[in-house]
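Notes follow the structure.
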Amino acid sequence: MDIEQLKKEIARIEADAQTEIDRTETVDALRGLETRLVGKKGPLGSLIGAIKEYPPEQRGQVGQTVNAAKGRVQALVETRLRQLRSAASEAEARKVAQFDPTLPGPVEPMGAVHPVTAVQWEIERIFERMGFTVEQGPEMEEEYNNFEALNIPATHPARDMQDTFWLTNGKVLRTHTSPVQHRAMIKFGAPLRIIAPGRCFRYETLDASHENTFHQVEGLMVDKNISIPNLIAMAKTLLTEVMKREVEVRVRPGFFPFVEPGIEIDMNCEICGGSGCATCKHSGWIEILPAGMVHPNVLRAGRIDPEEYTGFAFGLGLTRLAMMKYGIRDIRVLNAGDIRPIVSPRRLGGPIVSEA
Ligand code: FA5
């Protein structure tokens, strides 16, 4: 192209450059565009590369023309850069003007999950992995669900095993989580796998291992061909996973009207290592998991045919398990709200101190 055509081409390149530069919204985008416009491979760069194609006497003029255009494009970039920077600092200034130093600062979360809640969550995760769902029942329960549906009629001496808080509306504060068994059977039918963690209440004489308000986790599995070995295997897995060690268990016969046969699964006392202390009533064992095969009357009350289905149930003493896991000697500190006896020493690696 001759010099005149070259000048027209440069004018077109500059006009395009102006449009593109005006459209940029950020400093980074502008820097990228600048590199493209004035770089060797850009429109002006390729004109410089073509200088050698002009006759030697015209090369100086071509070079000057193209370089002058390059200078003008860079000036356009600088102008836009100033505009973008001042817009950014105005935005920043607006932000500062909006800042209200009287607003409260970010709140640091304080405290920690209660040991019973921590173990409950852990147990829920373990059972969810085994295909159980987590159910809930009311703490103020129908007398029927707490007793009759569980094969404990009004005149049955087993009612004396659980000293009950009776309410003036005829209901009870549930003495165990077992009424959720009945509720779940009615709700889901068979087959069935549920756990039901929750608070229970008994009119107890308080000591290091008895509270009037404590937590249990009920478990219920109903299916075809369920047997006691399934129950013992499940109990061992559960206790070993929660305690993060191989737990020693002892299985004894136990009586509960809602199971037949009934068993008591005890674990060796974590506090004294089995030698005997106030927490384990000097026996070396902690009564932790009463259980058994669901009584046919309980299945019938839950509208499940005992000829077709069998099941196991257990009522884990969740509060006592939390005490074992965290080395808490006295159950009463868990509801007391005074955290001094149960915090820091364990975190620092020492035993939790609380005199029974
Ligand atoms: C029951 O409550 C039965 N419902 C358990 C059950 C369910 C048996 C299903 C068979 C089939 P028990 O009264 O033993 O059983 O209580 C169960 C657990 O709750 C005990 O092992 C103990 O760990 C805990 N527990 C009972 N009473 C208290 C209390 N006052 N304070 C703290 N924990 C308690």
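The values are calculated or read from the model by the stated rules, or taken from the named source; none is laboratory data. Bear in mind that the values here come from a model prediction, so they are computed numbers and not experimental data. Positions of Cβ are backbone-derived with ideal geometry, glycine not excepted, and every protein chain shown enters the neighbour counts. The area values use the complete protein model at the heavy-atom level, side chains included, leaving out ligands, DNA and RNA. Shrake-Rupley method; radii C 1.70, N 1.55, O 1.52, S 1.80 Å.
Computed log10 I(q)/I(0) for the range 37-156 at 0.13, 0.20 Å⁻¹: -0.86, -1.14, from the Debye equation with unit scatterers placed on every C-alpha and solvent omitted. Most tightly packed first, judged by the mean number of other beta-carbon atoms within 10 Å of their residues, the peptides 212-224, 154-166, 34-46 read 212-224, 34-46, 154-166. In degrees from 0 to 90, rounded to the nearest 10, what is the angle of the helix 3-23 Cα long axis to the longest principal axis of the chain? Orientation of helix 3-23: about 30 degrees from the principal axis. Every helix of 4 or more DSSP H residues in the chain counts as -39500 (n - 2.57), and over all residues that averages to -13000 deg cm²/dmol at 222 nm.
Which value, in Å to one decimal place, does the Kirkwood hydrodynamic radius take for the range 161-217 when every pair of different Cα atoms is included? All intermediate terms of the calculation are to be shown ahead of the outcome.
On the way: mean 1/r = 0.0784 Å⁻¹.
Every distinct Cα pair counted, the radius reaches 12.7 Å.
Computed from Cα atoms, the angle from the helix 27-38 axis to the main principal axis of the chain rounds to 40 degrees.
What is the Å³ per residue value for the convex hull set by the Cα atoms of the chain?
About 305 Å³ per residue, rounded to a whole number.
Enter the accessible area per residue of the range 3-98 (Å², integer; probe 1.4 Å; all protein chains in place). Display every interim value, and only then the final one.
Details: 6290 Å² over 96 residues.
On a per-residue basis, 66 Å².
Counting protein heavy atoms only, the chain has 54 percent of its accessible area on carbon and sulfur, 1.4 angstrom probe.
The range 3-98: D in µm²/s via Stokes-Einstein (Kirkwood Rh, Cα pairs, 20 °C, 1.002 mPa s)? Before the final figure, lay out each step's value.
Numbers: Rh = 14.8 Å.
Value of D from the Cα-based Kirkwood radius: 145 µm²/s.
Cross-link partners for residue 236 among the lysines, with Cα-Cα distance under 25 Å and sequence neighbours closer than 8 places in the same chain left out: 224, 244, 281, 325.
Between residue 246 and residue 68, the contour length at 0.36 nm per residue exceeds the alpha carbon distance by 55.7 nm. Around the Cα centre of the range 217-310, unit charges on the Cβ atoms of Lys, Arg, Asp and Glu (plus for the first two, minus for the last two) sum to a dipole of about 160 debye. Computed with a 1.4 Å probe on the full set of protein chains, the accessible area for residue 48 sits at about 60 Å². Please name whichever of 151, 291, 309 sits farthest to the positive end of the charge dipole of the range 115-347, dipole taken about the Cα centre and charges placed at Cβ: Lys and Arg +1, Asp and Glu -1. It is 291, whose Cα lies furthest towards the positive end.
Using Cβ point charges alone (K and R +1, D and E -1), the dipole size of the chain about the Cα centre works out to roughly 1240 debye.
The dipole here belongs to the range 3-98: it is taken about the Cα centre, uses +1 on the Cβ of Lys and Arg and -1 on the Cβ of Asp and Glu, and is about 160 debye.
Measure nothing but the geometry: give the 0 to 90° angle between the long axis through the Cα atoms of 179-188 and the longest principal axis through the Cα atoms of the chain, rounded to 10°. Tilt relative to the chain: about 60 degrees. Packing around the peptides 229-240, 287-298, 52-63, taken as the average count of other Cβ atoms within 10 Å per residue, puts them in this order, highest first: 287-298, 229-240, 52-63.
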